[in-house]
Structure formats: C-alpha cells, structure tokens
1. For residue 113, state whether it is over 21 Å from residue 32 (Cβ atoms) and within 16 Å of ligand 3 (Cβ to nearest atom).
2. Sort out which residues of the stretch 178-213 are among the charged types (D, E, K, R) and within 16 Å of ligand 3 (Cβ to nearest atom), and write them in order of number.
3. Residue 12 is checked against (1) hydrophobic (A, V, I, L, M, F, W, C); (2) over 21 Å from the mean Cα position of the chain (by Cα); (3) under 25 Å from residue 177 (Cβ atoms) and fails just one. What number does that condition carry?
4. What tally of residues in the stretch 184-206 results from selecting those that are surrounded by fewer than 16 Cβ atoms within 10 Å (Cβ to Cβ) and aliphatic (A, V, I, L, M)?
5. Considering the stretch 11-24 alone, what residues qualify as being exposed (fewer than 12 other Cβ atoms within 10 Å of the Cβ) and either over 20 Å from residue 72 (Cβ atoms) or in contact (Cβ under 8 Å) with a residue 40 or more places away in the chain (or both)?
6. Here is a check on your reading of the model: is residue 110 surrounded by fewer than 16 Cβ atoms within 10 Å (Cβ to Cβ) and within 29 Å of residue 267 (Cα to Cα)?
Amino acid sequence: AKNKGRSTYSLFNSQLKQSIAESSRLEHLLRAALEKNEFELYYQPQIELETGRLVGAEALIRWHSSDGMISPDRFIPIAEKTGLIDPITDWVMTTACTQAREWQNILPGIRVAVNLSAISFRQVDFVNKVREVLEFTQVSPDCLELEITETAIMADFKEAERILNSLDELGVHLAIDDFGTGYSSLSYLKRFPVDKLKIDKSFVMKLDQNQDDAAITAAIISMAHAMGTKVLAEGVEEKTHMLFLKERGCEEAQGYFFARPMPAADFLVWCEQEGS
Ligand code: C2E
Ligand code: CA
Ligand code: CA
Ligand code: CA
C-alpha cells in the first residue's frame, strides 16, 4: 500500500510538472500571438425566436497557433493569469466593432456581442476604453453588447454595479453570461442594469433528457421576465429545445441548431442563404 501511495504521488507530481510546462509553453506562444496576427474572431448567429430573424452575433475568439488551433477555454485562463488578457480584450473589442460597422449597411441593426473577462472588466478606465473603441470604429453603442459572467459580477458586486451603471449610461447592451451556474441571487441582479440573461448551455443541452434542467430553464425565463430582462438560451442543438424555449417566451437563442460559430466571410454567406 505504501508503494502504491508513492507511485500515485509521483504520477500526480509528473502530471503537475507536465501541465505547468505546458502552460508556460502556451504563455510563451501567447505573448507573440497578437503581433503575429494569429487570432481571429468567429461569429455565431443569435436568433429571435418569435420571428426567426437574425438579431445578433456573438464574437468568439480563435487562436491559430503554430501548434494548431487552441481553444479559448485553454488559453483565456492563461492570458488572465499573465496580464495578456487586457491587450487581447482590446483587440477583440476593436475587431468586433470594426466588423459591426462593416455589417451595418448589409445587416442593419445587427448587434455584436463581446465576451469580457472579469479582469478586463475591472481594469481601470475600462468604460473609457469602450467609449474610445466606439468612437474610433463609428459604431452606435446600441450595436454593441458586452457579456459578463455571473461569477465575474458576484466576485465584487458593489464594484460591478458601479461599472455596469457607467456602461449602461454609455448606451451599450449588457448581458449576463453562463447564467444559472453561479450563486447569484435574483434580488441582487435586479439592481444591475442588465438587458439580457444568457441561460448556460449546460441546462439547455439536456432539456429533453433531464426534468430538473427543464424546470430550471423554465424558472429562469419566468424570473427574468418578472424582472423585465430578456432571455437568450445558448447551446440550442435540437429543434425540440428551440420549441420548448419558444413556447415559454424565451426571446432569443443561439446554438448548433441554427449555426456554428464561423469566420466573418462565412457568416455573410450564411445570412444570404437564410435570407433567401
Ligand atoms: P461562452 O461565452 O459560454 O461561449 C459559448 C461556447 O459554446 C462557445 O465555445 C461556442 O462555440 C459554444 N457553442 C455554441 N453553440 C453551441 C451548441 O449548440 N452546442 C455546444 N456544445 N456548444 C456550443 P468556444 O467558442 O470554444 O468558447 C469557449 C469560451 O471561451 C466562451 O464560453 C468564453 O467564456 C470564452 N471566450 C471565447 N471568446 C472569448 C473572448 O473573445 N474573450 C474572452 N474573455 N473569452 C472568450
Ligand atoms: Ca459568451
Ligand atoms: Ca441598457
Ligand atoms: Ca456559456
């Protein structure tokens, strides 16, 4: 038993070493990635369920590294730990707004949603940065939505309230991402000027297999409506899920059932096909 304990320990130790080595390699590659232009934004359609109309696009970052495509779930946490997240957020906001500006002539009123790391959201002068990007790209604040996770807000909700109020004054839209996975109480949320709750895909994806998830989803929709907030369901993969959500008055949806995230050029082709 003693031996077994030791070998488990050294296995753990070597896995730990390996994962530390891997993340410092990623960090190294990440530092050069912005200069080497290795990032790209993909866009995923957001659909208004009542009408089937395209109303928005969520911008999702992709990294084409020299090691191949690396998922944001892997590199965003490293970027957050190393201070690289702020320049990445700047790049994402500028690129997404430039794209939104370009689309206004072809897809009037389309809104582009950008994911915000808790760290960038709390950076000094973040609100001014958003204002500058909007001025620079000539995008109406109404066409930009910022997605902030429930956990990012609850980490310090006093400060979050202050920042969200300034962003609201600026006129951008605010959405709470991954809703349902944190521990926020709706009475706190009521104080924030949010326009939309995004129900986390972990609930939505199992809507027809898991009664609890269906009940939670239905409850989130009715509570959000009671607070005067819209709801978007993410991770809609099946028609039955779409219908469940539509029946309960969920305003918007996003997921593989409609379309996967795609490069900007493909997004336009998709819009043309859908529109015809
Ligand atoms: P998220 O914001 O919750 O984004 C939703 C994720 O679900 C995306 O993964 C999207 O591609 C995926 N997805 C969309 N529809 C479906 C579906 O029907 N089924 C399933 N199974 N998945 C679906 P992705 O693009 O890999 O992004 C992962 C996470 O990385 C995002 O989760 C977000 O937290 C983060 N992220 C992505 N882009 C950015 C960014 O520009 N900045 C920051 N700070 N974080 C980002
Ligand atoms: Ca998101
Ligand atoms: Ca608002
Ligand atoms: Ca999510």
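1. Taking the combined requirement at face value, the residue satisfies it.
2. The initial filter retains those residues of the stretch 178-213 that are among the charged types (D, E, K, R), namely 178, 190-191, 195-196, 198, 200-201, 206, 208, 212-213.
Answer for the stretch 178-213, where residues must be among the charged types (D, E, K, R) and within 16 Å of ligand 3 (Cβ to nearest atom): 190, 191, 195, 196, 198.
3. Exception for residue 12: condition (3).
4. 1
5. The answer is 11, 12, 13, 14, 15, 16, 17, 18, 20, 21.
6. Numbers: surrounded by fewer than 16 Cβ atoms within 10 Å (Cβ to Cβ): no; within 29 Å of residue 267 (Cα to Cα): yes.
Taking the combined requirement at face value, the residue does not satisfy it.
Listed here are the residues, each with its yes/no results for (1) closer than 25 Å to residue 43 by Cβ; (2) part of a strand (DSSP E or B); (3) open to solvent by less than 50 Å² (accessible area, probe 1.4 Å).
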residue	(1), (2), (3)
208	no, no, no
224	yes, no, yes
237	yes, no, no
244	no, no, yes
250	yes, no, yes
255	yes, no, yes
266	yes, no, no
271	yes, no, yes
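Condition check ((1) over 20 Å from residue 145 (Cα atoms); (2) among the polar types (S, T, N, Q); (3) away from ligand 4 (no atom under 16 Å from the Cβ)) across all residues:
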site	(1), (2), (3)
25	yes, no, yes
41	no, no, yes
48	no, no, yes
114	no, no, no
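The values are calculated or read from the model by the stated rules, or taken from the named source; none is laboratory data. Worth saying up front: this structure is predicted, and the values here are computed from it rather than measured. Cβ: placed from backbone, ideal geometry, glycine included. Neighbour counts: every protein chain shown. In case anyone asks, the SASA skips ligands and DNA or RNA and just uses the protein heavy atoms, side chains included. Shrake-Rupley method; radii C 1.70, N 1.55, O 1.52, S 1.80 Å.
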